[in-house]
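Read through the structure below, which is laid out as structure tokens, and then see the notes.
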Amino acid sequence: MKPLTYVNRSGAALALLLEAGLAADDLLVVVDDVNLAPGRLRLRASGSDGGHNGLKDLIRTLGSDGFARLRMGVGGAAPGTLREHVLEAFAEAEAEIMAEAVDRAARAVEAFLDGVTIPMLMPEVNRKSSDPGRGEGQHA
């Protein structure tokens, strides 16, 4: 599901799915993260909102932080420019890094949908793509 609400109001869209019987452990929420370097992925089975207003709203709606989340690093923003930073296109130098990260994230989501558990996915997804000895195509 891709909510049509503002990210800070994602809980409103989720509420409809909860009414239809969706459980928190059925969720894998994918969000941007300015606290991670561009292209860095971090998968967790649960946790805090980490300052992300969209996650904060989801946690409020669910009444729990017990849902999986995949954070995708977009790099930090200069003070006072967060809104512009997360809405603007990536610089040319970051575009290739982000394209690779989106591919890795999509493969992780597909694996989750195929029944692979978050603990099984975490070691591969959370590994830095530039780890030595890692061949192309070996990332989740």
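The values are calculated or read from the model by the stated rules, or taken from the named source; none is laboratory data. As the structure is a prediction and not an experimental result, all values here were calculated from the model. Neighbour counts run over all protein chains shown; Cβ positions are idealised from the backbone, glycine included.
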On the basis of being out of contact with any helix residue (DSSP H, G or I) (no Cβ under 6 Å at 6 or more places or on another chain), more than 26 Å from residue 14 (Cα to Cα) and surrounded by fewer than 18 Cβ atoms within 10 Å (Cβ to Cβ), does residue 77 make the cut?
no
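Table: residues versus (1) touching an Asp or Glu at 6+ places or on another chain (Cβ under 8 Å); (2) in a helix (DSSP H, G or I).
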residue	(1), (2)
10	yes, yes
17	no, yes
70	no, no
78	no, no
Which residue out of 70, 14 is buried (at least 17 other Cβ atoms within 10 Å of the Cβ), under 19 Å from residue 120 (Cβ atoms) and touching a residue at least 24 places away in the same chain (Cβ under 8 Å)?
70
Might you check whether a residue that is of a type outside the set (Phe, Trp, Tyr), modelled with pLDDT under 80 and out of contact with any Phe, Trp or Tyr (no Cβ under 7 Å at 6 or more places or on another chain) occurs anywhere in the range 93-113?
no
List pairs: first in the range 101-124 and surrounded by fewer than 12 Cβ atoms within 10 Å (Cβ to Cβ), second not acidic (Asp, Glu), Cβ under 7 Å, 6+ apart or cross-chain?
119/45
